Amino acid sequence: MRPGALPRIRRDALIFAALVALYLAVSGVVTNSYYQLMLTLVPIWAVMGISWNLFSGYVGLTSFGHAVFFGLGAYTVALTLNWWDLSPWFGIAIGAVVGAAAAVFIGMPTFRLRGHYFALAMLAFPLVLLYVFQYLGYQEVSLPMKRQDPFFWLQFTDPRAFTAVAVGMLVVAMAISFAVENSRFGLTLMAIRQNELAAEASGIDARRWKMRALVLSGVIAATAGGLYACILLVVTPEAVFGILTSAQALTVVLFGGVGTVWGPLIGAAILIPLAETLHAELGNIVPGIQGVVYGVAIILVMLLAPEGIFWTLRDRWLRDRGPAAPVPRGDRPASAAVAPLVTAPPQVSGPLLRVEGLSKSFGGLRAVDDVSFEVKPGEILGIIGPNGAGKTTLFNVLNGVLPADSGRAWLAGEPITGRKLHAICRLGVGRTFQVVRSFPRLALLDNVLIGAYGAGLTGDAAVAAAEEALARVGLLDQAAQPAGQLTNKGLRLMELARALAGRPRLLLLDETLAGLGREECDELLEVLGRLRAEGMTIVIIEHTMHAMLRLADRFVVLDHGKVLAEGAPRAVVEDRSVIEAYLGKKWLARCST
């Protein structure tokens, strides 16, 4: 459970319980059969919105095809009842399994895609199934009437019973959503959504977590579809696999708020009654008016509240309230000493990092060209060179952002080239980026927790590691502040803390001092100096030469992707070839005279 989650869960649970009680009271006094049906549809589409939100809202991959899970759930209930005389309760359970299997089948190829390619690929699956079910002769599957045991067969004469069952399903879906949002699961998904590369560099296997989210989403959507079939009593491909089904799930979440437990509930509570009421009153005059309602809702959200009603209201409310309260730190007193991140240099025979003949090309440009060097345990190695020398590309190859074309690299004797980004992080390689990669909507502590989770820590151990890392860089007092509100120095320190929370054996720091003033540089250098004293092994890219001379034990100079010079800092900066590479031949001639 995330820090401070329990009070949030209790508060949200009380609010939701009050809303459920009010909703059931209202449904109990409504006698019109159409409006009673509408009251049943609201929780069903809220559940469908929750399923969409658990994947697209938290992961950030837009799905236009969630109707595939909804439709499979509906047809599973209808066909198992017709073929094997199974209760819809069993059909819904089987449909959930079918939805999970479909999620795995769909996710394996589509997770290779990004952006609109992924969205279009998801759209194809329900459309294919729509035509498949039509071809198989299931254009219209009716549920046989069984009135002898209404609850067992989910066929009630009183429509209020359907509303109660739908609300019960919503309660279960909301409980799952509460649990996800306030757990490592939800935090990891939100990190992937906000910056997938940073999450991977922190040790998160993004593909695996996205698959888990899609499976859970498919299960919930299939259960909603199964109950929907029991209410309609007639299942058609257009009704459950049609584009409007996916559009409704997407729209209620976009309208209410993406990536929050309350978004689907808000969107369904507003849009479903509006669309159904207009359809009842004007459907014969304006065919397809429901689609018009969802289209207008999307336009209004894009213009007035791009992130949805929930986030718009929350951001304005928080702005009025001022800074966030500190995150509880558990049982450890505020004055407690923070244990060293590295108590002694790692015990390895030979260099901690060994690089041999590493090369990387982009078309005809050889960005890294046969680079070889070694880093000893506890050493700070500075990588310097002019802009475009290949320094960041070298880091990207070393920690798995890019594959190497040739050459090898070893960490403590274990090969790291050819491994995935998250796997290299798990081996003990921490990384910061030239342009800071944060999770701006997450609190500072949550940002750093991702690094602890990526290293395999859980529960209190992960929180303790995150707090320790924040204390080491001097940001523990700002733990509750969203990362998006930090200054450039704060972001640099936060990214360093996130890397430290994973207990790395090797730190790759890419222009950590970029954009900082002289005093800010001195503060950050003090932090790095303390890490050095504790035995941390660091490879750092930096253009601020006076800082590098204070910090680095040794320099490696790159120019046009090749190693130009290597050695002690003073000797390297006085090397004629290094001066020429940085300042040009005219400057070298002037220095010579």
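The values are calculated or read from the model by the stated rules, or taken from the named source; none is laboratory data. All of these numbers come straight from a predicted model, not from anything done at the bench. Positions of Cβ are backbone-derived with ideal geometry, glycine not excepted, and every protein chain shown enters the neighbour counts.
Look at (1) outside any helix (DSSP H, G or I); (2) in contact with a strand residue (DSSP E or B) (Cβ under 8 Å, 6 or more places away or on another chain) and you find that Ala78 fails only one, number (1).
Checking Val435, Val429, Val463 one by one, the residue that is in contact with a strand residue (DSSP E or B) (Cβ under 7 Å, 6 or more places away or on another chain) and either free of Cβ contacts under 8 Å to residues at least 40 places away in the same chain or of a type in the set (A, V, I, L, M) (or both) is Val429 and no other.
Gly451 versus (1) touching a Lys or Arg at 6+ places or on another chain (Cβ under 6 Å); (2) more than 20 Å from Phe185 (Cβ to Cβ); (3) buried (at least 18 other Cβ atoms within 10 Å of the Cβ): which is the lone unmet condition? Condition (2) is where Gly451 drops out.
Which residue out of Phe373, Phe395 is closer than 24 Å to Asp553 by Cβ, among the aromatic types (Phe, Trp, Tyr) and more than 30 Å from the chain's Cα centre (by Cα)?
Values: Phe395 fails: more than 30 Å from the chain's Cα centre (by Cα).
After ruling out the rest, the residue left standing is Phe373.
Residues in segment 108-137 that are in contact with a helix residue (DSSP H, G or I) (Cβ under 7 Å, 6 or more places away or on another chain) and of a type outside the set (A, V, I, L, M): Thr110, Phe111, Phe118, Phe125, Pro126, Phe133, Gln134. Segment 172-237 holds helices (runs of 4 or more DSSP H) entirely within its bounds, and those carrying 3 or more residues that are under 30 Å from Leu444 (Cβ atoms) and not hydrophobic (A, V, I, L, M, F, W, C) map to 184-194, 206-232.
Go through Leu170, Leu120, Leu189, Leu130 for me and flag whichever is under 33 Å from the mean Cα position of the chain (by Cα), in the same structural domain as Asn32 (by TED's automatic domain parsing) and surrounded by fewer than 20 Cβ atoms within 10 Å (Cβ to Cβ).
Details: Leu170 fails: surrounded by fewer than 20 Cβ atoms within 10 Å (Cβ to Cβ); Leu189 fails: surrounded by fewer than 20 Cβ atoms within 10 Å (Cβ to Cβ); Leu130 fails: surrounded by fewer than 20 Cβ atoms within 10 Å (Cβ to Cβ).
Exactly one residue qualifies, and that residue is Leu120.
When Arg184 is tested against (1) crowded, with 18+ Cβ neighbours inside 10 Å; (2) closer than 30 Å to Ala21 by Cβ, only condition (2) is not met. Among the residues of this structure, Tyr23 does not count as one that is touching a residue at least 60 places away in the same chain (Cβ under 8 Å) and surrounded by fewer than 14 Cβ atoms within 10 Å (Cβ to Cβ).
The single condition from (1) surrounded by fewer than 24 Cβ atoms within 10 Å (Cβ to Cβ); (2) among the basic types (Lys, Arg); (3) in a helix (DSSP H, G or I) that Arg437 fails is (3).
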